[in-house]
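Before any comments, here is the structure.
The values are calculated or read from the model by the stated rules, or taken from the named source; none is laboratory data. No experiment lies behind these values; they were computed from the predicted model shown. Heads up, the Cβs are rebuilt from the backbone with ideal geometry, glycines too, and the neighbour counts pull from every protein chain shown. For the accessible areas, the whole protein counts, side chains as well, though only heavy atoms, and no ligand, DNA or RNA atoms are used. Shrake-Rupley method; radii C 1.70, N 1.55, O 1.52, S 1.80 Å.
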Protein chains: 4
Amino acid sequence: MNFISDNAYGAAPQILASLSAANSGTETSYGEDAASARLAEKLAAIFEHEIAVFPVVTGTAANALALAALCPPYGAVLCHKDSHIAVDECAAPEFFTGGAKLAQLEGDGAKLAPRAIEQALARFGGGVHSPRPSAVSITQATELGTVYKLDEIRAIADTAHKHGMTLHMDGARFANALVSLGCTPAQMTWKAGVDALSFGATKNGALCAEAVIFFDKARAEDFAYRRKKAGHLVSKMRFISAQLEAYLENDLWLANARRANALAKALGGGLSAIAGVTLAAPVEANGVFAWMPKALAARLHKQGAKFYDWMVEPERVMARLIVSFATPEADVAKFIEMAKS
Amino acid sequence: MNFISDNAYGAAPQILASLSAANSGTETSYGEDAASARLAEKLAAIFEHEIAVFPVVTGTAANALALAALCPPYGAVLCHKDSHIAVDECAAPEFFTGGAKLAQLEGDGAKLAPRAIEQALARFGGGVHSPRPSAVSITQATELGTVYKLDEIRAIADTAHKHGMTLHMDGARFANALVSLGCTPAQMTWKAGVDALSFGATKNGALCAEAVIFFDKARAEDFAYRRKKAGHLVSKMRFISAQLEAYLENDLWLANARRANALAKALGGGLSAIAGVTLAAPVEANGVFAWMPKALAARLHKQGAKFYDWMVEPERVMARLIVSFATPEADVAKFIEMAKS
Amino acid sequence: MNFISDNAYGAAPQILASLSAANSGTETSYGEDAASARLAEKLAAIFEHEIAVFPVVTGTAANALALAALCPPYGAVLCHKDSHIAVDECAAPEFFTGGAKLAQLEGDGAKLAPRAIEQALARFGGGVHSPRPSAVSITQATELGTVYKLDEIRAIADTAHKHGMTLHMDGARFANALVSLGCTPAQMTWKAGVDALSFGATKNGALCAEAVIFFDKARAEDFAYRRKKAGHLVSKMRFISAQLEAYLENDLWLANARRANALAKALGGGLSAIAGVTLAAPVEANGVFAWMPKALAARLHKQGAKFYDWMVEPERVMARLIVSFATPEADVAKFIEMAKS
Amino acid sequence: MNFISDNAYGAAPQILASLSAANSGTETSYGEDAASARLAEKLAAIFEHEIAVFPVVTGTAANALALAALCPPYGAVLCHKDSHIAVDECAAPEFFTGGAKLAQLEGDGAKLAPRAIEQALARFGGGVHSPRPSAVSITQATELGTVYKLDEIRAIADTAHKHGMTLHMDGARFANALVSLGCTPAQMTWKAGVDALSFGATKNGALCAEAVIFFDKARAEDFAYRRKKAGHLVSKMRFISAQLEAYLENDLWLANARRANALAKALGGGLSAIAGVTLAAPVEANGVFAWMPKALAARLHKQGAKFYDWMVEPERVMARLIVSFATPEADVAKFIEMAKS
């Protein structure tokens, strides 16, 4: 019973199978292969926009490289204080940008809001003494399992653009957010003002495949160099692009995300019905964050359930339970049963 | 007929198959999985030494991260002027080290020699005005298809150590060099004074798998952080480690390398028997570098043979022909035939 | 009437005069001059300790270079959220360290406390996913004009050392803090556990002179390279070292600081006696931070008084009034009078 | 008798005097002072162009910051292999740019030529595998005491611009080159195609003052941030700008340079008349580079003459003799006498 992370599960069979298919014959290396070309076209169609696409193998690479393209060394990136880029990537954005600052803002439900951004900007009024606010980064779905509504994204984008900043979206769980909103990829990104996207696939079924997407191709001008210089240009790129192709094929990505979201919803529903357990945030994607008595969390751990004690207070624990595309349905029911008894 | 690069070919079937085997069940992510643990043990046995092992997905990442661990921001790395780290990695080592200098030295056959190192050191006598010489990096096999003999490595290591530097080996084609020398991995590395190794597998049959190996575990102290901060800690690491396990299993790596080397030897032999064609360097690994009349190279290209015109002079061209673990034997014979006629 | 900054005033006459004295004859450049040697000896005597001394020309350089020596690229520096390194140096520490993180902690009176450090460390428990906590930095006197007591420094140092971190002190206003505590330089630094010090002189009478001081010479090993690489090794160093010599000569630094502190105390006393004005923090060095009605602050500005509106609330303003070594005594009295009327 | 370096001498009396004049009253700090404003106007007049001016305190800072503004992290700077930025600044440009590459080219008389640039560019044809050639940097006067003619600069600028690169001039000895050519500052810079200039003053009479000058103000957009972030924004900037004002006042800079050049010419003439001594390069500025028998160089050192053995061969030594604005005329005559006997 493993709710530790989406990464605890392996790869979707269709994606694994794509690697064999990609293995025949010779190919041009370093991304000049046919699979990469097809992928770029496929993504452009899905996003209904001219885009620049750059496959990479980790979410940290996607985020940090994208931010380095959007924010100069003397700039600042505004993000939520609990965002992955702020607390889980060993300050990779600071390294890739050449020393930019991450301004870590407060916000309910792990979400940024225009007001928080405006207030933060007031603290950057010192000219060259403060880094120049250059980009805003939001996570969709968030690190608390919530999802930005389209108008929330729009409002943040407007605020960012008004102040000469760009908007980056960390979409490590992009598909989960997308099916949660029931909108199109275009609506959730460039139509809402997003300038650059870390398009995640690993958590939702790939082995190791993400893509950085720029909606203004000019912004991508230097990205190809940055990716190479960071050692993130995979030589046999066909094997990364093939994963992403299979991920999109027949809407596998959406099906996987729907399944995970639905199970998470069920898990959240089941847990919140238990006395003493309350949800820390609405279940809008594939993560459940539930406050429970310390003793209950301890017992569940003891009984073999794997999950993070996300926050620990004297009396209670906020359990983080992540449901992946491959989590057995039975595990969800079983966990609820265990928690009840 | 593709002699462009080892990367033009896909993956060895055994390595591809290992991914399916690795796909069952849940696993701890970020390298704390069972496959990664087994791999570390296996490599320690192969190298007959306590080692620290860090899988990554590209050779550039392996080299640049290793050098960042060996050379401070204010240091210098001494390497051959034609080495991969010097000319093919978009100055990744400069980025990862935080601005260290690559001193690019001359040397026959793409090899460094103690004398060249000593001469270069004389130019770094200016105290803080010059970066501090901190590491020497050699490529085994070299970018010209040659292989350092054990006593050559030893002599370089001694020179490096005498001057307070460490020795890094870029082993993108480690297996090819190893079977060429017919020695043990231990003999070619720590027994000869190598401190850190980029252990390549991608060119010799993996999809995307290399490993950084430190023979003094203390040197690796900070490496785990550096890998994460550079976005090179793959979340579902089992899929990278599984490739490396399969690569080593039943000596697949050695068999692949032997095959490629033998074909390269045959290709070199066939070409050098042709009037007007001479080898630019002895064929000691899986690369053939042959001077040929410009017209001949042009004709071969026209006839569909893929290879690099590595150097171009007014009258002649140095063709680079790389034979991979998967290059069809018939292609070698056919190429020689084409060149003859 | 200028209370904007210590930097608004020029240089002390004795320090200016020292430049002429330093101008005769030829000298070895880049810090190998006689003045620099004398300075190092003088500072070692003053601090009663073997030290490594590195003059530089700005406080930002002193801080950022010192932190780069104490904190690796993958590390974190714990500091107060309002500290100069966190908010006034354009993220220079992030640049000089190669991308380290500044963890910006809360604390009353712009001071850090062991408890805040311990709490922050709990958030860095994620292994390589979080930067490694490597150094703590405190400002003495603080950005709110307060001064750490000796036992407060000791407690912070103990906490830092217990967790494998070092302690840096930003002493841009070192002299002001020192005379405030009435202790020795040794007591306020290494005897209290400080590992590295940015020793400020510019704000207290120099033209452009600070010094980075390490109390463990081994820690300074790489500093000379870092200073050069950052363009902070002044060629005619005698002119920087001469400033620092004159600064220390006949205890000029202490006299200047005592004068400024006393005037600040008088200014604080005068203001706090005015109805509607309250001190935001005790006046312990040369800065006065006073809450006053918005209208009063506006009137004072209008009447020609220069000072920062440090914080602005709907009804009131926190005025920052800095008294320098050269602020006319009459200005203090006059300002109080103006505020009263 | 000191011919070691221009830096061995102190400051011109007029420049020293300017510091006292600059010391009265309060001023806005961080470059917003009246002296800095006057300096910017004065330099614009001298260069007959709209410019952006940024005073800094070292030549290394000027060069490295300028190059960081002209060359992205993934770029390359083409320069002479013996240039100051390549061999005397501890790889500061690599640090400030975030890891750019310095391509170090050959060239007679320490000069670059269009042909060498074109040849080097051919080695950067690998797309993202090579850093993007972004800037060319030349030193005027060169590290071998030679001076680029106006048409030589123009030809280099044309070559650089044709390939999408910018041209930086390291003018640590700008005045010496200017009076040598007898042209205007405009002619030697923007009229010849120079985009950015490190305008040196320290070697020619200042205590610690250089200025970075951009002839296209747009290129300077981010420079103010970079200077601050690197700790090179001096708080009491009036004292740096005052030095530069005095340097330009009454053409002091030109007079100092003319004096030094004339003495160098005399020194070169005297030495070249001695049997066994030959000039390694024509004396076009304030440096003399003379081959002499090893025994002669050794004797001169023994007799107390300070100079560098710039290159050492088995039989002979290339002595570097730098004449500064303040070198006593008698020393030149005396040195020639000593060398003769």
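Side notes on the structure shown:
- Heavy-atom accessible surface that A and C bury in contact, both chains counted, 1.4 Å, Å² to 100: 1300
- Averaged over D:95-108, number of beta-carbon atoms from partner chains that fall within 10 Å: 6
- DSSP finds beta bridges in the protein assembly as shown, and of those with both partners inside it, around 55 percent are antiparallel.
- Copy-to-copy label separations for B:Ala34, where each label sits 7 Å from Cα toward Cβ, in nm and ascending: 3.8, 7.6, 8.0
- Helices in chain A that qualify as membrane-span-like (whole DSSP H runs, Cα extent of at least 24 Å along the helix axis, mean Kyte-Doolittle hydropathy of 0.0 or higher) are A:252-272.
- Rounded to the nearest 0.05, the FRET efficiency derived from the C-beta distance between D:Ala122 and B:Gln119 at R0 = 35 Å is 0.85.
- Fully extending the segment from A:Glu48 to A:His301, taken as 0.36 nm per residue of separation minus the present Cα-Cα distance, adds 86.5 nm.
- Anisotropy class assigned to the range B:1-151 is prolate, per the alpha carbon gyration tensor with a/c at or over the 1.5 cut-off and a/b larger than b/c.
- Taken per residue, the accessible surface of the protein assembly as shown reaches 33 Å², heavy atoms only and a 1.4 Å probe.
- Solvent-accessible area of A:Met311 with every protein chain in place, 1.4 Å probe, in Å² to the nearest 10: 90
- A dipole drawn for chain C from +1 and -1 charges on Cβ atoms has a positive end, and of C:Gln104, C:Gly276, C:Ser24 the residue lying farthest that way is C:Gly276.
- Annotation for the range D:259-336 versus the range C:252-326: alpha-carbon center distance of 61 Å.
- Each listed q (0.08 Å⁻¹) maps to a log10 I(q)/I(0) for the protein assembly as shown, found by the Debye formula over equal Cα scatterers with no solvent: -1.01.
- Relative contact order [Cα under 8 Å, 6+ residues apart], chain A, whole percent: 24
- Taking the average, over residues, of other Cβ atoms within 10 Å as the packing measure, peptides A:179-185, B:319-325 rank B:319-325, A:179-185 from highest down.
- Ranked from shortest, the separations from the 7 Å Cα-to-Cβ label point of B:Ile46 to its equivalents in the other copies are 3.5, 5.9, 6.4 nm.
- Average beta carbon contacts from partner chains per residue of C:254-266, 10 Å cutoff: 0
- Residues in the range B:45-80 that, when all protein chains are in place, have 10 Å² or more less accessible area than the chain alone would give (probe 1.4 Å): B:Val57, B:Thr58, B:Thr60, B:Pro73, B:Tyr74
- Chain B holds its axis-closest Cβ, relative to the rotation onto C, at the residue and whole-Å distance B:Gly98, 2.
- Sorted shortest first, the distances from the C:Lys306 label point to those of the same residue in the other copies are 4.0, 6.3, 6.8 nm; each point sits 7 Å from Cα along Cα-to-Cβ.
- Simple label model, 7 Å out from Cα along Cβ direction - C:His161 to B:Glu32, nm: 3.2
- Candidate residues A:Tyr225, B:Tyr308: accessible-area rank, largest first, probe 1.4 Å: B:Tyr308, A:Tyr225
- Heavy atoms of D:Lys306 accessible to a 1.4 Å probe, total area in Å² rounded to 10: 110
- Within the accessible area of chain D (1.4 Å probe), percent carbon and sulfur: 53
- Radius of gyration (Cα atoms) of the range D:252-340, expressed as a multiple of 2.2 N^0.38 Å: 1.03.
- Value at 222 nm in deg cm²/dmol, rounded to 500, when DSSP H runs of n ≥ 4 in chain D each add -39,500 (n - 2.57): -12000 deg cm²/dmol
- Here the Debye sum runs over all C-alpha atoms of chain B as equal scatterers in vacuum, and log10 of I(q)/I(0) at q = 0.08 Å⁻¹ comes out as -0.38.
- Lys, Arg +1 and Asp, Glu -1 on Cβ, resulting dipole of the range C:244-341 about Cα centre, debye, nearest 20: 440
- Peptide-level mean, for C:204-216, of C-beta atoms on other protein chains within 10 Å: 2
- Taking packing as the residue-averaged number of other Cβ atoms within 10 angstrom, the listed peptides B:43-52, C:108-117, A:240-249, D:251-260 run from highest to lowest as A:240-249, D:251-260, C:108-117, B:43-52.
- Under a model in which nothing but the beta-carbon of Lys, Arg (+1) and Asp, Glu (-1) is charged, the range D:153-252 shows a dipole of about 300 debye around its Cα centre.
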